[in-house]
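Just so it is clear, none of the values below were taken in a lab; they were calculated from the coordinates. Since this is a predicted model, take the numbers as computed values, not measurements. Ideal geometry is used to build each Cβ from the backbone, glycine not excepted, and the neighbour counts take in all protein chains shown.
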There are 2 protein chains.
Amino acid sequence: MTYCVGMLVDAGIVMLSDTRTNAGVDNIATFHKLSIFEKPGERAIALMVAGNLSITQSVLGLLREQLHEHDEKHLLNVDTMLDAARCVGDAVRQIHARDGKALEDFKIEFNVSMVLGGQIKGETPRLFNIYPAGNFIEASEDTCYFQIGETKYGKPIIDRVINRKTHLERAVKCGLISMDSTIRSNLTVSPPIDVVVIRTDELRIGSHQVIEDENPYFHHIRTRWGDSLGQAFLELPDPDWIQKAG
Amino acid sequence: MTYCVGMLVDAGIVMLSDTRTNAGVDNIATFHKLSIFEKPGERAIALMVAGNLSITQSVLGLLREQLHEHDEKHLLNVDTMLDAARCVGDAVRQIHARDGKALEDFKIEFNVSMVLGGQIKGETPRLFNIYPAGNFIEASEDTCYFQIGETKYGKPIIDRVINRKTHLERAVKCGLISMDSTIRSNLTVSPPIDVVVIRTDELRIGSHQVIEDENPYFHHIRTRWGDSLGQAFLELPDPDWIQKAG
């Protein structure tokens with residue numbers, strides 16, 4: 001399984017992904033699911049993938065191959081993030097055209113979803129969610145984040161604290177707490193965690209760090225968040241109407 | 001959709017269920033998903049159901065019919081909760097034998113799951129999770145709760161605060177917070193919420209209340225829980241390592 005979340009705020013973009021890949025619980029490996037396409041001063045793009053590893057690797061392989069074809073549109077020469085999303089969607093469709101039927105013969109679902117975020121000179125930062133059919137949606141003022149993979153455990157905290165005004169540091173903190181909730185509930189989501197920050201108008205990757213399980217900051221907020229939740233729960237009044245009804 | 005949770009603690013059993021049923025977003029109705037089978041002084045049993053409404057109603061209808069057949073085992077005459085779970089599992093299998101093929105012809109999944117909890121004189125309280133095949137598992141010291149329906153959003157808080165030593169009032173509070181997280185994230189889960197408490201060795205339903213949206217206690221803990229999470233989030237240190245990597 002996988003958990004990735006991308007958040008678009010006024011100050012930029014934050015993207016986090018776990019690195020656990022499994023084919024059954026006895027076949028677990030670490031693959032980074034976050035790829036970077038960058039031309040400092042001109043564009044900073046990051047792509048996170050979830051789904052069948054052979055499909056996601058095929059799509060990424062194709063997108064990287066395209067970078068050497070100077071006559072074609074690719075992630076390092078398109079003029080807009082919308083065109084970048086189209087490139088990724090087209091790559092998904094090409095892989096589907098090549099592998100879809102063969103996978104179907106083995107009853108393997110064509111399972112792939114992606115979050116694409118970044119900024120190209122001349123635009124503001126943009127964030128897209130790309131589906132297995134190669135279609136996509138874009139984040140807006142109202143919906144400023146996308147999740148892929150094991151999304152539910154980590155969704156409530158994002159809904160409660162993230163909006164377009166959230167600072168980048170807070171968005172990273174929220175993403176790590178969201179990741180922690182997911183890791184606690186799904187054994188197949190696991191550190192290390194890739195964290196990428198793209199600041200508005202910097203046109204370069206502002207930060208790309210790999211957070212290991214024993215990272216002191218991650219360890220600290222995991223522990224304190226758990227303690228705070230426990231404390232907040234204790235401080236809520238217990239129901240006094242249960243006895244009455246007895 | 002549905003969300004139900006049953007918790008077994010030393011002090012007894014707490015069961016909560018929402019009441020929203022839908023067949024597409026334009027066809028939404030309220031059906032209680034929690035049924036009680038009680039002989040005060042001898043047994044107190046509650047059953048929560050999730051899945052296809054026609055299937056869950058058929059199973060419940062059969063279980064209620066059986067109560068009038070004096071030669072047969074049913075929920076009001078079996079000697080143990082294990083036999084009660086077998087009764088429910090057998091009822092699921094009977095409905096599957098009658099309706100399974102016809103539903104399959106219309107590509108309708110035989111979707112039903114149940115949480116059965118209670119105490120029969122001579123035993124301690126017991127809690128079971130019953131599957132569509134009529135098989136079931138029982139709660140233990142390690143796993144003392146079961147969820148059915150839309151389970152993921154409300155799972156993290158239960159994992160953090162519930163164990164066998166938890167007081168019944170706290171278990172109710174936790175169940176309501178878990179329900180709130182689910183309601184916020186899934187529009188098809190909704191109040192009123194059925195809440196049943198069975199106290200160990202009382203051998204009757206200790207409390208059965210229907211919590212409406214505007215219930216003052218539910219409103220209070222929903223609001224304060226949200227505020228507390230926001231405050232706890234703010235109080236966690238922001239990452240200071242993002243700037244460094246810029």
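Look at A:107, A:73, B:121 and count the other Cβ atoms within 10 Å of each Cβ; fewest to most, that gives A:107, B:121, A:73. Ascending distances from the residue B:204 label point to its copies in the other chains, with the point 7 Å along the Cα-to-beta-carbon line: 7.6 nm. In terms of other Cβ atoms within 10 Å, B:222, A:86 run from fewest to most in the order A:86, B:222. Chain A holds its axis-closest Cβ, relative to the rotation onto B, at the residue and whole-Å distance A:152, 2.
Between copies, the label points of residue B:69, set 7 Å from Cα on the Cα→Cβ line, lie 6.8 nm apart, reported in increasing order to one decimal in nanometres.
Measuring how big chain A is from its alpha-carbon positions, Rg and Dmax come out at 19.6, 77 Å.
Only the Cβ atoms of Lys and Arg (+1) and of Asp and Glu (-1) were treated as charged; on that basis the dipole of chain B about its Cα centre amounts to roughly 200 debye. Legend: ranking of residues A:169, B:69 from fewest to most surrounding C-beta atoms inside 10 Å; resulting order B:69, A:169. On a straight-distance basis, which lysines could pair with residue B:107 in a cross-link, Cα separation under 18 angstrom, same-chain partners fewer than 8 positions away excluded? Excluding near neighbours in sequence, the set is A:107. Across the range A:34-137, counting alpha-carbon atoms alone, Rg and Dmax equal 13.6, 46 Å. Of all lysines in the structure, the ones whose alpha carbon falls short of 18 Å from that of residue B:165, not counting any fewer than 8 places away in one chain, are B:173. Excluding same-chain neighbours fewer than eight residues apart, the lysines reachable from residue B:39 by a Cα-Cα span under 24 Å are A:244, B:73, B:121.
Given 4 °C and 1.567 mPa s, how large is the Stokes-Einstein diffusion coefficient of the protein assembly as shown in µm²/s, with Rh as the Kirkwood radius over Cα pairs? Once the numbers are plugged in, D ends up at 52 µm²/s. Between copies, the label points of residue B:159, set 7 Å from Cα on the Cα→Cβ line, lie 1.8 nm apart, reported in increasing order to one decimal in nanometres. Each residue of the range A:78-95 is assigned a 3J(HN,Hα), and the resulting list reads 5, 8, 9, 5, 4, 5, 5, 5, 4, 4, 5, x, 5, 5, 4, 5, 5, 5 Hz, derived from the Karplus form 6.51 cos²θ - 1.76 cosθ + 1.60 (θ = phi - 60°), x at Gly and Pro. Taking a Cβ cut-off of under 13 Å around residue A:61, the surrounding Lys, Arg, Asp and Glu residues balance to a net charge of 0, with basic ones at +1 and acidic ones at -1. Each of A:58, A:19, A:162 was scored by the projection of its Cα onto the charge dipole of the range A:3-235, and the greatest displacement toward the positive side belongs to A:162; charges sit on the C-beta of Lys, Arg, Asp and Glu.
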